[in-house]
Amino acid sequence: MKRHHLVAAVLTAPWVVLLGYDFSRRIATGRGTWVTDGDLIESPWLSLAGSVGIGAMFASLAWVVAAERDRFALAPRAARWARRPLLVSLVGLTVGLAVLTPTMQALDVESGLFYDVSGLVAFLMVLTLSLSSLTVGLASIRNGALGWGGRILALVLPVAALGVGASLAAGVSPSPVFGTSVAVVGLATLGLGATPVTRPAPATA
């Protein structure tokens, strides 16, 4: 395990556990927790710590994606194309959660054009992250260049569908957190356990 994998594991593990708890509680009681519902956080300091902590998690995932560029170079074309928007979305979410959100809280910005635009950008970053992660996963199903992480990302869609189905069966609003936790684990483990993959040698006359 490389340093970036270790850091990502330390920073993502608590949130994966919390997301799992939130999902279980939502299914059991119909109510989420402060992990996915910021309105349940009464302390502004706890809200700030949570935002910075999630920002740090995204930063560690961006480090993994950046550090595993050599593995991406051996991955299928679709995964290589998805790497750049994936990295942009992770950096964008890092800045938004670790810098922009605390600044807006400090300035008591709760409405207005800037607030609305920042929310739209955050939504686009999350959408880009989801689609890019899924693309990497689907492209890696039969390719071991990205290791465990690539194959785990291929499970995002079926796991998210399972989560939605379980939510509907329990009579609660569907939540994407089940699929999100899988995506986080997949990104944190990109490159781990990768099988040796080499490009074919160029043909010679």
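Where residues in the stretch 62-100 are charged (D, E, K, R) and under 18 Å from LYS2 (Cβ atoms), which of them is least open to solvent (accessible area, probe 1.4 Å)? Ranking the candidates gives GLU68 first.
Only a single criterion out of (1) more than 26 Å from VAL7 (Cβ to Cβ); (2) surrounded by 17 or more Cβ atoms within 10 Å (Cβ to Cβ) is not satisfied by ALA106, namely (2).
Each row is one residue, and each column tells you yes or no for (1) assigned to a helix (DSSP H, G or I); (2) more than 18 Å from ALA8 (Cα to Cα); (3) under 18 Å from the mean Cα position of the chain (by Cα).
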{"residue": "VAL88", "(1), (2), (3)": "yes, no, yes"}
{"residue": "GLY119", "(1), (2), (3)": "yes, yes, yes"}
{"residue": "THR128", "(1), (2), (3)": "yes, yes, yes"}
{"residue": "THR135", "(1), (2), (3)": "yes, yes, yes"}
{"residue": "ARG142", "(1), (2), (3)": "no, yes, no"}
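If you filter the stretch 17-35 down to residues that are in contact with a helix residue (DSSP H, G or I) (Cβ under 8 Å, 6 or more places away or on another chain) and over 12 Å from VAL172 (Cα atoms), you find that the one that is most open to solvent (accessible area, probe 1.4 Å) is TRP34. Once the stretch 144-177 is narrowed to residues that are β-branched (Val, Ile, Thr) and within 15 Å of the chain's Cα centre (by Cα), the residue that is modelled with the lowest pLDDT is VAL177.
The C-beta contact set for the stretch 127-148 (first residue free of Cβ contacts under 8 Å to residues at least 60 places away in the same chain, second residue not hydrophobic (A, V, I, L, M, F, W, C), distance under 6 angstrom, 6+ apart or interchain) comprises THR128/PRO85; THR128/SER89; LEU129/SER89; SER132/PRO85; GLY144/THR195; TRP148/THR189; TRP148/GLY193.
Could you go through the stretch 178-196 and let me know if any residue there is under 18 Å from the mean Cα position of the chain (by Cα) and at pLDDT below 80. Checked the stretch 178-196: at least one residue is under 18 Å from the mean Cα position of the chain (by Cα) and at pLDDT below 80. Taking first residues from the stretch 152-168 that are under 19 Å from GLY32 (Cβ atoms) and partners that are of a type in the set (A, V, I, L, M) and open to solvent by 30 Å² or more (accessible area, probe 1.4 Å), the Cβ contacts under 8 Å between residues at least 6 apart in sequence or on separate chains come to ALA166/ILE27; SER167/ILE27.
The values are calculated or read from the model by the stated rules, or taken from the named source; none is laboratory data. This one's a predicted model, so the numbers in the text were calculated from it and none came from an experiment. Ideal geometry is used to build each Cβ from the backbone, glycine not excepted, and the neighbour counts take in all protein chains shown. When the accessible area is computed, the model is the full protein with side chains, heavy atoms only, and any ligands, DNA or RNA have been set aside. Shrake-Rupley method; radii C 1.70, N 1.55, O 1.52, S 1.80 Å.
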